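Take this structure first; my questions come after.
The values are calculated or read from the model by the stated rules, or taken from the named source; none is laboratory data. All values reported here derive from a predicted model rather than from experimental measurement. Cβ placement follows ideal geometry from the backbone for every residue including glycine, while neighbour counts extend to all protein chains displayed. To get the accessible areas, we keep the full protein, side chains included, count just its heavy atoms, and leave off ligands, DNA and RNA. Shrake-Rupley method; radii C 1.70, N 1.55, O 1.52, S 1.80 Å.
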Amino acid sequence: MCGIVGFVGKQQTAPILLDGLSKLEYRGYDSAGIAVFNDKIEIVKTKGKLQGLRDLTADGTNISGSLGIGHTRWATHGEPTVTNAHPHTNKEVNIAVVHNGIIENYQILREKMIGRGYEFVSETDTEVIAHMLDYYYEGDPIKAIIKIMHRVKGSYAFGIIFESHPGELYAVRKDSPLVVGTSEDANYIASDAPAILKYTRDVYFINNFEIAKLTEKCCEFFNEDGELIEKELSRIEWDMEAAEKGGYEHFMLKEIYEQPKVLSDTISPRIVNGCITLDELELGSDLLKKINRLYIIGCGSAYHVGVAAKYMIEELTDIPVEVDLASEFRYRNPKMDKNSLAIIISQSGETADSLAALRDIKGRDIPVLAIVNVVGSSIAREATSVFYTWAGPEISVATTKAYSAQLVSCYLLGIQLAFVRGCIDINEYQSLIVDLQKLPEAIKEILGNKERIQWFASKYAAAKDMFFIGRGIDYAVSMEGSLKLKEISYIHSEAYAAGELKHGSISLIEDGTLCVAVATQPSIYDKTISNVVEVKSRGGYIFVVTNKEHIDIEDTADFVVYVPVCNPLFAASLSVIPLQLFGYYVAVAKGCDVDKPRNLAKSVTVE
């Protein structure tokens with residue numbers, strides 16, 4: 001959520017800031033602003049989309065200066081207004097700051113600053129930082145920033161410019177992502193790499209409580225004691241082409257269609273000579289054999305991956321698996337077995353609740369495996385080991401390809417755990433690997449029949465409520481399908497374990513209510529269909545996703561999408577595809593902003 005861009009160099013900064021902010025629009029925002037230094041700090045802010053800022057600045061051409069910071073804000077403290085938009089400044093407008101995150105003790109700090117004679121014009125938590133910088137600044141920006149760090153509670157990434165230090169850009173972070181980009185004659189800050197990839201692929205990943213001081217030619221880094229520190233330079237290998245639409249109407253549709261390649265890219269490097277190799281994880285066979293319990297933790301779609309993985313891993317291995325929402329896990333006191341492995345799943349690697357859960361678990365001396373997509377992200381850096389999904393940049397807020405890559409990552413881990421622990425023999429092991437390698441082609445087959453789903457989705461664009469049901473792995477997929485629909489189409493949708501319908505929720509079924517049933521698991525197929533019949537008998541309209549071998553379902557269902565027959569343990573990778581397409585086409589038919597749904601952000605870096 002929110003986006004930060006900063007630049008110092010020889011070029012005019014405003015067009016670069018606007019361009020960088022445009023690459024961060026997917027993160028979600030409701031106002032935008034820039035601060036540019038040229039003899040003095042000039043601020044331009046607007047409510048609404050970035051185009052308003054472009055209009056006010058003639059695409060950045062009517063505001064001069066080669067040092068500046070920009071921001072897209074997603075409202076937390078105070079409504080989306082021009083006054084509440086970033087950047088915020090002190091009264092004299094000689095210090096400007098942009099901020100991602102939340103200052104938890106800002107009310108206390110605000111009252112202190114008011115007591116010292118400072119006046120506030122906005123409702124934001126960020127304005128207190130501008131006034132505190134003014135109060136503590138005595139000529140040395142680093143010392144002032146350190147004093148702020150010692151007094152502020154919460155999460156933050158700050159970009160700061162001081163009028164008295166022309167040609168210098170400052171940044172600091174705690175729990176909110178921040179990268180520094182460097183090139184021959186310019187340096188940059190950004191909350192996410194896509195903002196600056198057009199200009200450089202050489203970046204420094206800033207850790208908690210580290211301060212960056214950038215000039216046109218130099219990047220210096222300091223710890224919270226003001227001491228110079230060395231940072232390792234990293235290179236981002238993917239380029240902006242991977243983050244462009246490539247002819248698709250929306251990023252979401254493009255990313256749905258990228259899933260066969262993403263699965264291949266995630267699976268192929270981990271299979272050598274017909275066997276799974278996970279050497280990158282540095283989890284040796286001895287550790288895998290000693291595991292008494294697995295804890296899988298995530299938020300939203302990542303949590304749904306964990307639920308599907310639980311069924312698969314418990315079926316293949318002798319290991320009990322617990323799945324937790326990160327936002328719940330971090331506020332309870334779980335009794336964790338010392339011989340356990342925790343798995344944190346996060347696309348961005350910056351999810352605040354998941355990061356907090358990771359730190360809690362590491363404090364218990366339990367190893368943490370991170371399944372993430374973003375190299376150098378906070379979760380990737382702090383975990384004991386990392387399983388990168390190699391899905392490339394995912395721009396649409398509603399995840400599709402990252403979800404699928406996370407699923408197959410769990411499949412690989414589950415199969416390897418089963419084999420190392422002697423739960424399956426070599427023939428079963430290699431058979432499962434072959435089944436796994438078939439998934440990309442099976443997804444291509446499903447995508448080739450999207451027209452029927454598009455037609456059906458257009459019929460339900462005016463729906464007010466929908467229900468998704470399934471059992472076991474199919475229930476996990478139902479939760480994901482329901483989430484996809486609600487987050488981009490704004491239609492109320494709920495997912496239920498099919499066997500729970502009769503315990504209350506079936507009372508919600510009315511004539512014409514659409515119920516989507518996922519039924520791919522042979523052992524419980526008949527049970528699920530009996531629940532479908534219950535819904536049908538109460539007037540529900542039935543949409544079923546099932547395997548090609550179940551053509552008999554057409555006697556019961558009103559609309560059926562068939563997916564290729566595969567190993568039931570991996571069925572979630574196929575049955576989710578029609579639900580992604582269904583949600584997408586419903587949202588398109590309604591005219592919704594598919595890639596940037598209201599009130600949502602791509603990377604949830606606050607509670």
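More than 28 Å from Ala587 (Cβ to Cβ) and of a type outside the set (Phe, Trp, Tyr) - does that describe any residue in the range 240-262?
No, because not a single residue in the range 240-262 is more than 28 Å from Ala587 (Cβ to Cβ) and of a type outside the set (Phe, Trp, Tyr).
Sticking with this one: Any residue in the range 231-246 that is open to solvent by less than 80 Å² (accessible area, probe 1.4 Å) sitting within a Cβ distance under 9 Å of a residue that is modelled with pLDDT of 60 or more and of a type in the set (S, T, N, Q)? List the pairs, counting only those 6 or more apart or interchain.
So the pair list comes out as Lys231/Asn207; Ile236/Thr200.
Return only the number of the condition from (1) touching a Lys or Arg at 6+ places or on another chain (Cβ under 7 Å); (2) without any contact (Cβ under 8 Å) to a residue 24 or more places away in the chain that Gly284 does not satisfy.
(1)
Then there is this: Taking the residues in the range 163-184 that are at pLDDT 95 or above and over 19 Å from Gln11 (Cα atoms) as candidates, determine which candidate is surrounded by the most Cβ atoms within 10 Å (Cβ to Cβ).
Going through the qualifying residues, I end up with Ala171.
Still on this structure, please answer the following. Is it the case, given these coordinates, that Ile473 is under 17 Å from Pro564 (Cα atoms), surrounded by 14 or more Cβ atoms within 10 Å (Cβ to Cβ), touching a helix residue (DSSP H, G or I) at 6+ places or on another chain (Cβ under 8 Å) and modelled with pLDDT of 90 or more?
Yes: the conditions hold for Ile473.
Name the single residue that is surrounded by the fewest Cβ atoms within 10 Å (Cβ to Cβ) among those in the range 102-133 being under 17 Å from Tyr170 (Cβ atoms) and either in contact with a helix residue (DSSP H, G or I) (Cβ under 9 Å, 6 or more places away or on another chain) or aromatic (Phe, Trp, Tyr) (or both).
Leu133
Asn62 is checked against (1) in a strand (DSSP E or B); (2) at pLDDT below 95 and fails just one. What number does that condition carry?
Among (1) in a strand (DSSP E or B); (2) at pLDDT below 95, Asn62 violates only (1).
Next question, about the same structure. Look at Ser378 and say whether it is among the polar types (S, T, N, Q), under 26 Å from Tyr429 (Cβ atoms) and open to solvent by less than 10 Å² (accessible area, probe 1.4 Å).
Against the criterion (among the polar types (S, T, N, Q), under 26 Å from Tyr429 (Cβ atoms) and open to solvent by less than 10 Å² (accessible area, probe 1.4 Å)), Ser378 does not qualify.
If you don't mind, there's one more thing I want to ask. Restricting to the range 566-598, count the residues that are in contact with a helix residue (DSSP H, G or I) (Cβ under 9 Å, 6 or more places away or on another chain) and free of Cβ contacts under 8 Å to residues at least 24 places away in the same chain.
Selection size over the range 566-598: 1.
State which residue is nearest to Ala144 (Cα to Cα) when the search covers only the range 87-101 and only residues that are part of a loop (DSSP other than H, G, I, E, B) and open to solvent by 10 Å² or more (accessible area, probe 1.4 Å).
This residue is Asn94.
Of Ile433, Ile473, Ile446, which residue is touching a Cys at 6+ places or on another chain (Cβ under 9 Å) and of a type in the set (Val, Ile, Thr)?
Ile433
Based on this model, can you work out whether Leu197 counts as open to solvent by 10 Å² or more (accessible area, probe 1.4 Å), at pLDDT below 95, aliphatic (A, V, I, L, M) and assigned to a loop (DSSP other than H, G, I, E, B)?
Spelling it out, Leu197 is indeed open to solvent by 10 Å² or more (accessible area, probe 1.4 Å), at pLDDT below 95, aliphatic (A, V, I, L, M) and assigned to a loop (DSSP other than H, G, I, E, B).
Can you find a residue that is under 30 Å from Ile276 (Cβ atoms), within 28 Å of the chain's Cα centre (by Cα) and of a type in the set (Phe, Trp, Tyr) anywhere in the range 429-439?
For the range 429-439, residues under 30 Å from Ile276 (Cβ atoms), within 28 Å of the chain's Cα centre (by Cα) and of a type in the set (Phe, Trp, Tyr): absent.
If the requirement is being in contact (Cβ under 8 Å) with a residue 12 or more places away in the chain, open to solvent by less than 60 Å² (accessible area, probe 1.4 Å), in a helix (DSSP H, G or I) and in contact with an Asp or Glu (Cβ under 8 Å, 6 or more places away or on another chain), which of these qualifies: Ile488, Ile443, Ile506, Ile453?
None of the other options fit; the residue is Ile506.
Related question: Among the residues of the range 295-314, is any outside any helix (DSSP H, G or I), touching a helix residue (DSSP H, G or I) at 6+ places or on another chain (Cβ under 6 Å), hydrophobic (A, V, I, L, M, F, W, C) and open to solvent by 60 Å² or more (accessible area, probe 1.4 Å)?
No, the range 295-314 contains no residue that is outside any helix (DSSP H, G or I), touching a helix residue (DSSP H, G or I) at 6+ places or on another chain (Cβ under 6 Å), hydrophobic (A, V, I, L, M, F, W, C) and open to solvent by 60 Å² or more (accessible area, probe 1.4 Å).
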